[in-house]
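The values are calculated or read from the model by the stated rules, or taken from the named source; none is laboratory data. Small disclaimer: the values here were computed from a predicted structure and weren't measured. Using ideal geometry, Cβ is built from the backbone for each residue, glycine included, and neighbour counts are taken over all protein chains shown. These accessible areas exclude ligands, DNA and RNA; they are computed on the full protein's heavy atoms, side chains included. Shrake-Rupley method; radii C 1.70, N 1.55, O 1.52, S 1.80 Å.
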Amino acid sequence: MERTLRLSRYKQLWPFYVLAAPGIIYFLVFHYAPMWGLLLSFKEYSPFLGFAKSPWVGFDNFIQFFSTADFFILLKNTLLITFMNLTIYFPFTILLSIMLNEIRLSAFKRISQTIVYLPHFLSWVVIYGITISFFGPSGVFNHYLEQWFGTNALFLVSNEWFRPLVVFQAIWKDAGWGTIIFLAALAGINPELYEAAKVDGANRFQNIWHITLPAIKSTIVVLLLLRLGSSLDSNFMQIFLMTNSLNLDVSNVFDLFVYHIGLEQFNYSFAITVGMFKSIASLTLVLSANYAAKLLGEEGIF
C-alpha cells in the first residue's frame, strides 16, 4: 500500500522532476564530476602517462606547498584582500542599500538604483581601462597632481596603492548589484514599526538603528556566511589585470599562483593542491562562522 502511494506521488510530481533535471545535470557534470580531478593533488601528473598511470606521491605536494616561502606570502595577500572586502566592501553595500531605501521620491530612487546597478554589467577589462584613465601615469589624478603640486603618484605600480584600488574597484563595480537582496529584505519591514517610532519622536537615524538594522540582521548574517565561503576566491580577472612585476609582492594571491603554476609551468598536480587547500580553508571558515552565528542566536545557513 505504501509503495503504491509513493509511486502515485512520483507520477503526480514528475513535471517538477523534469523541470529540475537540467539543473541537476548541470551540477553533476560541471561540479561533481570534475571533483575526480582532486586526486591529482596526490599524484605527480604527467600528460604522457595520463590520469590513471601517473604515479602516486601521497601528501608530497602538500608538504612542498606548505614548506615554501610562497605559502605565507600567498596566505597573507589573500587574507588581507579578504579582510578589506569584508570590512569595507560588505558594510558599504549595506549602507548603500539603506541610503537607497531612505529615498522617498520614487522617480529619483529608480534612477539612482539604475545608476549603481550599471557598472556590474561592465567587464573587468573595461573597469581596468577606466582605472588607467584615472590613476595611470598620464591619468586624470596625476594630471592635477602635476599641475598643482609638481609631482605625480605611481598608483598602478605601487604596493601601497594596490589593495585600496582593488577594493575601490569592487565597490564601484558590484556594490550596487549587491544591494538587491538587502533592498528586498528592507521592503519586507512592516511600515507600522516606523509609524509607531515616529509617534514616539524617533528621527531617521534612530529608525535605522533600532528598526531597519535589526530587521535585516538575519539577512546580513546569511550573506556574510555565503561571502566567507568564497572569501579566499579572489576575483581572478581583476587581480590578473591589476598585477604587474612591480606590485607582485602584494598582488600574488592563491588564484594568480594557481594560474602561473598550472597554465604557465604545467605543474597541474601542484596547482590542484593549492586549489584544494583553498577550498578546504574556505569550508572551514564557513563552518566556524556558521557555528558562531548559531551561538549568537542566529539561524545560520545550515
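Using Cα centres only, tell me the gap between the range 153-171 and the range 189-255 in whole Å.
After rounding, the separation between the Cα centres reads 21 Å.
Where does the chain land on Rg/Rh, using Cα atoms and the Kirkwood Rh?
1.05
What does the highest-first list of 61-67, 252-258, 262-268, 9-15 look like by mean Cβ count within 10 Å?
Ranked by mean Cβ neighbours within 10 Å, highest first: 252-258, 61-67, 262-268, 9-15.
Just to check I understand the Karplus step: with θ = phi - 60° and J = 6.51 cos²θ - 1.76 cosθ + 1.60, what whole-Hz values come out for the range 131-136, glycine and proline as x?
4, 4, 4, 9, 10, x
Using Cα-only point scatterers and the Debye equation, what is log10 of I(q)/I(0) for the range 201-302 at each q in 0.20, 0.21 Å⁻¹, rounded to two decimals?
The computed values of log10 I(q)/I(0) come out as -0.98, -1.02.
What does the charge count around residue 279 come to, taking other residues whose C-beta lies under 14 Å from its C-beta (Lys +1, Arg +1, Asp -1, Glu -1)?
With Lys, Arg at +1 and Asp, Glu at -1, the neighbours total -1.
Which number comes out as Rg/Rh for the range 202-242 once both Rg and the Kirkwood Rh are worked out on C-alpha atoms?
Radius of gyration over Kirkwood radius for the range 202-242 works out to 1.29.
Label the range 1-88 by shape, choosing from rounded, prolate and oblate, from the square roots a ≥ b ≥ c of the eigenvalues of the Cα gyration tensor; if a/c is under 1.5 it is rounded, and otherwise prolate applies when a/b is larger than b/c, oblate when it is not.
Oblate is the answer for the range 1-88, as a/c is 1.5 or above yet b/c matches or exceeds a/b.
Please report, to one decimal in angstroms, the Kirkwood hydrodynamic radius of the range 40-85 built from all distinct Cα-Cα pairs.
12.5 Å
With every protein chain present, what is the per residue accessible area of the chain (1.4 Å probe, Å²)?
63 Å²
Net charge within 14 Å of residue 96 by Cβ-Cβ distance, Lys/Arg positive one each and Asp/Glu negative one each, not counting residue 96 itself?
0
What FRET efficiency do you get for residue 109 and residue 249 if R0 is 41 Å and r is their Cβ-Cβ distance, rounded to the nearest 0.05?
0.40
In the structure displayed, which of 173/217; 198/294; 76/173; 173/278 lie more than 31 Å apart, Cα to Cα?
198/294, as the Cα separations exceed 31 Å there.
Taking 0.36 nm per residue of separation and subtracting the Cα-Cα distance, what length does fully extending residue 259 through residue 36 add?
That works out to 78.3 nm of additional length.
With θ set to phi - 60° and the Karplus curve 6.51 cos²θ - 1.76 cosθ + 1.60, what are the ³J(HN,Hα) couplings of the range 100-116 in order, to the nearest whole Hz, using x for Gly and Pro?
After applying 6.51 cos²θ - 1.76 cosθ + 1.60, I find 5, 5, 7, 6, 8, 7, 4, 5, 5, 5, 5, 5, 5, 4, 4, 5, 7 Hz.
Can you tally the net charge around residue 247? Count Lys and Arg as +1, Asp and Glu as -1, for every other residue whose Cβ sits under 13 Å from the Cβ of residue 247.
Neighbour charge sum, excluding residue 247 itself: -1.
Which FRET efficiency value, to the nearest 0.05, is calculated for residue 17 and residue 126 with the Förster distance at 51 angstrom and r the Cβ-Cβ distance?
0.80
Of the accessible area of the chain, with the probe set at 1.4 angstrom, what percent is carbon plus sulfur?
Summing carbon and sulfur atoms, their accessible area is 69 percent of the total for the chain.
Suppose R0 equals 30 Å; then what is the FRET efficiency for residue 118 and residue 70 from their Cβ-Cβ distance, rounded to the nearest 0.05?
Result of the calculation: an efficiency of 0.20.
Under 1.5 on a/c is rounded, so check that first for the range 142-255, then, if it is not, pick prolate when a/b is larger than b/c and oblate when it is not; a ≥ b ≥ c are the square roots of the alpha carbon gyration tensor eigenvalues.
Since a/c reaches 1.5 but b/c is at least a/b, the shape of the range 142-255 is classed as oblate.
Treat each spin label as a single point 7 Å out from the Cα along the C-beta direction, and report the residue 151 to residue 46 distance in nm.
Computed distance between label sites residue 151 and residue 46 equals 5.7 nm.
Once amide H atoms are placed 1.01 Å from N in the peptide plane, what residues at a sequence separation of 5 or more from residue 43, or on another chain, have their amide H within under 5 Å of its amide H?
Amide H to amide H, under 5 Å and 5 or more residues apart or across chains, residue 43 pairs with 57.
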